Amino acid sequence: MERPELDDLVQRTRTFIRSEVLPLDDEHDGDIEAAGGDDLRRRLQTAARAVGLAAPHAPTELGGLGLGMTDRAPVFEEAGYSLFGPLALNIAAPDEGNVHLLQHVATGGQRERFLAPLARGEVRSTFAMTEPPPGAGSDPSALATTADRVDGGWLVNGRKWFATGADGAAFHIVMARTPGGATMFLVPSDSPGVTLRGHLPTADKAMVGGHCDVALHDVFVPDADVLGGVDEGFRYAQVRLGPARMTHVMRWLGAARRAHEVAVAHVASRQAFGGRLSDLGMTQRMIADNEIDLAATRALLLTACRVLDDGGSGGKETSIAKAFAAEALDRIADRSVQMCGGLGTTALLPVAKIAREIRPFRIYDGPSEVHRWSLAKRAVRQLAQRATQ
């Protein structure tokens, strides 16, 4: 997208989020179910579609704006300024990542049945990979859900949890172990044998459909609903994971920026110890550290996005950006609470709910420790390779 067009889109997104979405977010303290859940989602997405802001990441032939990763960054950041903003633009996880995956991997029939209604906001979806112990979590090789070949398809058995958005989703993308590796399956939620066991009572409240526990017992999946190649699920998952991690960074960057701006406004107006709080050196350090973390996060994010837009895997760049951003944005939110004092712990200011929502990002989509482990292994391997050349 040309720069003037992108700048206009960013400005229109900012205006829409702050006028139509942010008041509802603040009224309900970021609790999407208290605010109306799916009914609110449909209303907000209808409003966003009416002003040309719906699905900026989706293909243009499906009603989206077709933005690449780099162009998405400022738009998603503005949407993330409200905890409900990504939902309003149909760019919330996991649907946004699933649109990306389906766009790149789905067959023609799968695009019509699953991608098109998802991109239009008619349905929601989940990405079901994480399992209760001893199944797959940070270590995907522990995958315990199985898929066994039967006449005309597969029987899937297992249990998934932290299946974000599963309550009310139309379908799940399920990762299951197959004889030669792992495979992804498209599983409608009303398939016989699929049971929603309940919600996990997590700290964050802004994800429509919650984080759920889902059981699969002898679920039949026809061959036509295998997503990508049989036994190639982990390879295809990489198509989704790198970009999805970066769009998470984009959205949470917007939320952290709001927390910072609210905190700066508070300390600039609050009188204590003979002057403004913002004139105290301790406060100024927190403000400056927030500014540094915001700028560094944005720089690492854009570096990774350019690699992805150029067709690279971005494995190293997205791990660096995700690990740094998850911790930096958490620091920003925490400092913002501290600067706001007692008010920062209440629903009278938005900083407490933002801190609550951002904290799990240090775990979701790969804990910081796993990204560091991966980066260290990569560095050692590359050094060894160079030594033998």
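Quick look at the numbers
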{"quantity": "Unique residue being on the phi < 0 side of the Ramachandran plot, at pLDDT 95 or above and under 21 Å from the mean Cα position of the chain (by Cα) when the list is Asp167, Asp190, Asp151", "calculated": "Asp167"}
{"quantity": "Lone unmet requirement of (1) open to solvent by less than 50 Å² (accessible area, probe 1.4 Å); (2) of a type in the set (Val, Ile, Thr); (3) within 25 Å of the chain's Cα centre (by Cα) for Ile320", "calculated": "(1)"}
{"quantity": "Helices (runs of 4 or more DSSP H) fully within the range 11-129 counting 1 or more residues that are modelled with pLDDT of 95 or more and open to solvent by 30 Å² or more (accessible area, probe 1.4 Å)", "calculated": "22-27, 32-35, 37-50, 69-80, 95-105"}
{"quantity": "Any hit, the range 37-49, residues being of a type outside the set (S, T, N, Q) and within 16 Å of the chain's Cα centre (by Cα)", "calculated": "no"}
{"quantity": "Any pair with Cβ under 8 angstrom, 6 or more apart, that starts in the range 18-31 at a residue that is within 17 Å of Glu78 (Cβ to Cβ) and ends at one that is surrounded by fewer than 17 Cβ atoms within 10 Å (Cβ to Cβ) and among the hydrophobic types (A, V, I, L, M, F, W, C)", "calculated": "Glu20/Ala47"}
{"quantity": "Any hit, the range 73-81, residues being within 27 Å of His211 (Cα to Cα), of a type outside the set (Gly, Ala, Ser) and touching a strand residue (DSSP E or B) at 6+ places or on another chain (Cβ under 8 Å)", "calculated": "no"}
{"quantity": "Extreme residue, most open to solvent (accessible area, probe 1.4 Å), among residues of the range 130-170 that are in a loop (DSSP other than H, G, I, E, B) and touching a Phe, Trp or Tyr at 6+ places or on another chain (Cβ under 6 Å)", "calculated": "Thr130"}
{"quantity": "In the range 216-225, the residues that are open to solvent by less than 50 Å² (accessible area, probe 1.4 Å) and farther than 15 Å from Thr145 by Cα", "calculated": "Pro222, Asp225"}
{"quantity": "Subset of the range 220-237 [in a helix (DSSP H, G or I), of a type in the set (Gly, Ala, Ser) and within 24 Å of the chain's Cα centre (by Cα)]", "calculated": "Gly233, Ala237"}
{"quantity": "Among the candidates Val249, Val208, residue that is in a helix (DSSP H, G or I), in contact with a helix residue (DSSP H, G or I) (Cβ under 8 Å, 6 or more places away or on another chain) and not basic (Lys, Arg)", "calculated": "Val249"}
{"quantity": "Residue that is within 19 Å of Val337 (Cα to Cα) and assigned to a helix (DSSP H, G or I), where the choices are Ala244, Ala265", "calculated": "Ala265"}
{"quantity": "Which numbered condition Arg381 fails, given (1) touching a helix residue (DSSP H, G or I) at 6+ places or on another chain (Cβ under 8 Å); (2) open to solvent by 60 Å² or more (accessible area, probe 1.4 Å)", "calculated": "(1)"}
{"quantity": "Close pairs (9 angstrom Cβ cut-off, 6 or more residues apart or separate chains): charged (D, E, K, R) in the range 255-281, open to solvent by 50 Å² or more (accessible area, probe 1.4 Å) and part of a helix (DSSP H, G or I) anywhere", "calculated": "Arg276/Ser269"}
{"quantity": "Breaking point among (1) in contact (Cβ under 8 Å) with a residue 60 or more places away in the chain; (2) under 22 Å from the mean Cα position of the chain (by Cα), for Ser374", "calculated": "(1)"}
{"quantity": "Of all residues making up the range 257-300, the number that are charged (D, E, K, R) and open to solvent by 50 Å² or more (accessible area, probe 1.4 Å)", "calculated": "7"}
{"quantity": "Options Gly254, Gly242, Gly233: the member that is more than 24 Å from Gly85 (Cα to Cα) and either of a type in the set (Gly, Ala, Ser) or open to solvent by less than 60 Å² (accessible area, probe 1.4 Å) (or both)", "calculated": "Gly233"}
{"quantity": "Failed condition for Gly180, given (1) open to solvent by 20 Å² or more (accessible area, probe 1.4 Å); (2) under 30 Å from Gly312 (Cα atoms); (3) touching a residue at least 60 places away in the same chain (Cβ under 8 Å)", "calculated": "(3)"}
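The values are calculated or read from the model by the stated rules, or taken from the named source; none is laboratory data. Computed from a prediction, not measured in an experiment: that's the story for all the values here. Neighbour counts are summed over all protein chains in view; Cβ atoms, including those assigned to glycine, are modelled from backbone coordinates with ideal geometry. When the accessible area is computed, the model is the full protein with side chains, heavy atoms only, and any ligands, DNA or RNA have been set aside. Shrake-Rupley method; radii C 1.70, N 1.55, O 1.52, S 1.80 Å.
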